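Values quoted throughout were computed directly from the atomic coordinates according to the rules given, and no laboratory measurement underlies them. The shown structure was predicted, so the numbers you read here are calculated from the model rather than taken from an experiment. All Cβ positions, glycine included, derive from the backbone under ideal geometry; neighbour counts span all protein chains shown.
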Amino acid sequence: MGKSSDEIRVAITGLGILSCIGNSKEEVTRSLQQGRSGIVRDELRVEKGFRSPLTGQIQNFSPKDLGLKRKQMRTMCEPSLYAYSAARDAVSDAGLEPKDLESSRCGIVFGNDSTVKAGVDCLDTARKYNETHYIGTGSIFRLMNSTITMNLAQIFKVKGANWTVSSACSSGSNALGQAYMLIKSGLQDIVLSGGAQETNWMGVAGFDSLGAFSTHPDPASACRPFDGARDGLVPSGGGASLVVENLDHARKRGAKIYGIIQGYGFSSQIGANLSESNAEGVGLAIENALISARLDADRIDYINAHATSTPSGDRIEALAIHNIFGNRVPVSSTKSMTGHECWMSGASEAVYTLLMAHHGFLAPNINFQGFEPGFPDINVVKQTRDHTMNHAISNSFGFGGTNAAVVFDFRENQ
């Protein structure tokens, strides 16, 4: 007889990351420790008339280096290539063999909410030739939101769960939460989870039109979560992947354990409009995650905040954090270095939190100098410092009131 859901524990056994602060977990760890920003000025965005030319930029990445066949790449767009890079590294890091993946007990759940460039390319070709013949057979598979999971499922030959979560900027967190639930329920033993976000100018043109981006003259200083001088977010992207695994299954094959997913919470509550969060809804997601983890708030010793550097969003999250945790718990937003990685941010920030815990430090909330008057009092981490984490929570909130939070337990790895 199998274990009940209460008895099943869910581990993270592999990590993969491709972001503007590094193309590997080792490089990313160094950037987090050093407080190094990956944000640059993109002259192409200036040419295109963007209000803000700032973006997180991935360096030294070429799809040709991924070892994929031409036939495979015909159906893969930018986010699916980023996701494959991260997933390949996560699978290797976890020590998984083909037999572990090619099973009905292994699935894949990723977060993604757009493939704008692929759609634009398709339409441009149709307009150029005034017919659809030259669009190509791979186009439809590049422009679907589920492009990541359909391509990765075929490459890794998984036979279990295979779907994409689209919930704006909480997509990566909700994908990780669903992976957790699939294993907790006993339906899967392994789930490749994560998120990806395209970094081209087309994917964020609509965002720029909202006036939500920072126009700070210095790219490295532009993203200022919680700081009184913050003036907007900086878009970014890439790919992040986590191997989520039944702890007993992981132990049997001798896998290393980065941490345990102890709880997952979500809520839906929209603020004044679709682009604004709501303090009550944000707090509810955090509280639901703590209930799921069966932890009191005073057991949490680090919060990786969603904080994107927008005037209202940061204040709303800080209020929810203050109401639940007071000013005791160290808080930092890794977006201060990476910018807002949008659909992948929930997954990438889980990776960043796990890397911090694994190496025993807290990454700084760079560019933070102080709150504006009346801002909720929270404990923002200003400089890198040594820290032993027992429990941490990672927050993600998206357009349309899609809120999520994931609680990690690191005592298994100590």
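Within the chain, the longest run free of exposed loop sites, counting GluC sites (Glu not before Pro) that sit outside DSSP helix and strand states (H, G, I, E, B) and have at most 10 other Cβ atoms within 10 Å, spans 132-414. Please list log₁₀ I(q)/I(0) at q = 0.14 Å⁻¹ for region 108-185, using the Debye equation with identical point scatterers on the alpha-carbon positions. Values returned for q = 0.14 Å⁻¹ are -0.55.
Output the relative contact order of the chain, whole-number percent, from Cα pairs under 8 angstrom with separation of 6+ residues. Intermediate results must be reported in sequence, preceding the final value.
Numbers: 1095 pairs, mean separation 97.2, N = 414.
It comes to 23 percent, rounded to a whole number.
Summing charges over all other residues whose Cβ lies under 15 Å from the Cβ of Gly346, with Lys and Arg as +1 and Asp and Glu as -1, gives -3. Between Gln369 and Ser312, the distance separating the two model label sites (each 7 Å from Cα on the Cα→Cβ line) works out to 2.6 nm. At full extension, Asp248 and Ser209 could sit 9.1 nm farther apart than now, given 0.36 nm per residue minus the alpha carbon distance.
Here's the picture: a label point sits 7 Å out from the Cα of Ala297 along the beta-carbon direction, and within region 373-414 the residues with their amide nitrogen under 13 Å of it are 377-379. Direction-averaged projected area, Cα convex hull, region 11-252: 14.6 nm², rounded to one decimal. When DSSP beta bridges are restricted to pairs lying wholly in the chain, around 70% turn out antiparallel. If r is the Cβ-Cβ distance from Ser104 to Phe61 and R0 is 22 Å, what FRET efficiency results, to the nearest 0.05? Once the sixth-power term is evaluated, E becomes 0.10.
In this simple spin-label approximation, Asn390 and Thr137 carry label points 7 Å from Cα along the Cα→Cβ vector, and these lie 5.9 nm apart.
Label the chain by shape, choosing from rounded, prolate and oblate, from the square roots a ≥ b ≥ c of the eigenvalues of the Cα gyration tensor; if a/c is under 1.5 it is rounded, and otherwise prolate applies when a/b is larger than b/c, oblate when it is not. Write down the numbers at each step before the final one.
Details: a/c = 1.62, a/b = 1.04, b/c = 1.55.
It is oblate, given that a/c is not under 1.5 and a/b is not larger than b/c.
Calculate the tail of P(r) for region 143-235: the fraction of all Cα-Cα distances greater than 22 Å, expressed in %. Taking all Cα-Cα pairs of region 143-235, the fraction more than 22 Å apart is 46 percent.
Would you mind calculating the relative contact order of region 263-413 from Cα pairs under 8 angstrom and at least 6 residues apart, reporting the percent as a whole number?
Values: 309 pairs, mean separation 53.3, N = 151.
After rounding, I find 35 percent.
Within region 263-413, what percent of beta bridges assigned by DSSP are antiparallel, to the nearest 5?
Details: 16 of 22 bridges.
Around 75 percent of the beta bridges assigned by DSSP in region 263-413 are antiparallel ones.
Calculate, in nm to one decimal, what Gln34 and His359 gain on full extension: separation in residues at 0.36 nm each, minus their alpha carbon distance. Mind showing how you got there, number by number?
Working: separation 325, 0.36 × 325 = 117.00 nm, distance 1.32 nm.
Extending this stretch completely gives an extra 115.7 nm.
Among the DSSP beta bridges whose two residues both lie in region 184-277, what percent are antiparallel, rounded to the nearest 5?
Numbers: 8 of 9 bridges.
The antiparallel fraction comes to roughly 90 percent.
Under the membrane-span-like helix rule (DSSP H runs whose alpha carbons stretch at least 18 Å along the helix axis, mean Kyte-Doolittle hydropathy 0.5 or higher), the chain yields 279-293.
Between Arg328 and Gln269, the C-beta separation translates, for a Förster distance of 25 Å, into a calculated FRET efficiency of about 0.45. Counting neighbouring Cβ atoms within 10 Å and putting the fewest first, the residues Ile140, Ile12, Ile393 line up as Ile140, Ile393, Ile12. Taking a ≥ b ≥ c as the square roots of the eigenvalues of the Cα gyration tensor, region 263-413 is rounded, since a/c falls below 1.5. For region 1-135, the share of alpha carbon pairs falling in successive 10 Å distance bins from zero is 9, 25, 33, 20, 10, 2, 0 percent. Calculated translational diffusion coefficient of region 227-319 (20 °C, 1.002 mPa s; Stokes-Einstein with Kirkwood radius over alpha-carbon pairs) equals 133 µm²/s.
Test of understanding: ordering Asp208, Asp65, Asp248 by Cβ neighbours within 10 Å, fewest first, what list do you get? Could the numbers behind the result be given before it?
On the way: Asp208 18, Asp65 10, Asp248 13.
Sorted ascending by nearby Cβ count, the order is Asp65, Asp248, Asp208.
Need one word for region 239-285: rounded, prolate or oblate. Basis is the Cα gyration tensor (sqrt eigenvalues a ≥ b ≥ c); a/c below 1.5 gives rounded, then a/b vs b/c decides.
Numbers: a/c = 5.12, a/b = 2.96, b/c = 1.73.
Because a/c hits 1.5 or more and a/b exceeds b/c, region 239-285 counts as prolate.
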